[in-house]
Amino acid sequence: MNVIDAIQTRKSVRKYSDKPIENEKLTAVLEAGRLAPSASNRQEWRFLIVRDLATRKKLVDAANRQTFVGEAPAVIVACAETDGHIMRGGLPCFPIDVAIALDHITLTAVEVGLGTCWIGAFDEREVKEILGIPKEIRVVALMPIGYPSDPSAVEKRRLPFNEIVRYEHW
Ligand SMILES: Cc1cc2nc3c(=O)[nH]c(=O)nc-3n(C[C@H](O)[C@H](O)[C@H](O)COP(=O)(O)O)c2cc1C
């Protein structure tokens, strides 16, 4: 599978089969995250993998009661061990860097037959308490991962190209 195929195939998966994820596949997707670019090569991402069912159920409560978060066989808790560096443009780099790594993860997941879903609706304090994550670590996103129970394609609802791309002047 090439990159554009993976981009076109990726969709948010909110229904997962019970089939467990092979360790090699999970390692392959996390390795794709490890290889992501980051500001000044800071590599502030840290990935906590939750497979324990009871812990996954607790994460549902911390994730706005989104039940599918607990139904996937694993949840990647994407964190940042960050010094809070602000780039010259005024933005913190850690959420951007972690997001790039997660995007590598979502696309590699597609390549190995797995599905993922970004979860931004969660209570960081609760997630940290459940997982024993230290105070100074930030939680950027949760990402359930597993075999989709419905692998069929869905049409992407996106703005038209001409609405989002401008050339030379705003
Ligand atoms: C930063 C971010 C946070 C998101 N948070 C959630 C979430 O909490 N729950 C959810 O079901 N989907 C969440 N999504 C998924 C989006 O709804 C989804 O990507 C978008 O509707 C496009 O659909 P697609 O991923 O199938 O192409 C999130 C996506 C991103 C990028």
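One line per residue, one yes/no per condition, for (1) surrounded by fewer than 17 Cβ atoms within 10 Å (Cβ to Cβ); (2) at pLDDT 95 or above; (3) within 21 Å of A6 (Cα to Cα):
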residue	(1), (2), (3)
V29	no, yes, yes
A36	no, yes, yes
R42	yes, yes, no
T55	yes, yes, no
L59	no, yes, no
C93	no, yes, no
A109	no, yes, yes
D123	yes, yes, no
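Does region 9-30 hold any residues that are farther than 15 Å from P144 by Cβ and touching a residue at least 12 places away in the same chain (Cβ under 8 Å), and which are they?
Result: T9, A28.
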Report task. Check region 143-151 and report whether any residue there is surrounded by 10 or more Cβ atoms within 10 Å (Cβ to Cβ), within 12 Å of L48 (Cβ to Cβ) and modelled with pLDDT of 95 or more. Result -> yes
Report task. Could you list all residues from region 127-170 that are within 13 Å of the ligand (Cβ to nearest atom), in contact (Cβ under 8 Å) with a residue 24 or more places away in the chain and among the acidic types (D, E)? Result -> D150
Report summary line: Filtering helices (runs of 4 or more DSSP H) wholly in region 39-118 for at least 3 residues that are among the charged types (D, E, K, R) and either more than 15 Å from the chain's Cα centre (by Cα) or away from the ligand (no atom under 14 Å from the Cβ) (or both) gives 53-62
Query raised in the report: Which number in (1) closer than 16 Å to L142 by Cα; (2) loosely packed, with under 14 Cβ neighbours inside 10 Å marks the one condition that R46 misses?
Result: (2)
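The values are calculated or read from the model by the stated rules, or taken from the named source; none is laboratory data. What you see is a predicted model; the values in this text were computed from it and never measured. Using ideal geometry, Cβ is built from the backbone for each residue, glycine included, and neighbour counts are taken over all protein chains shown.
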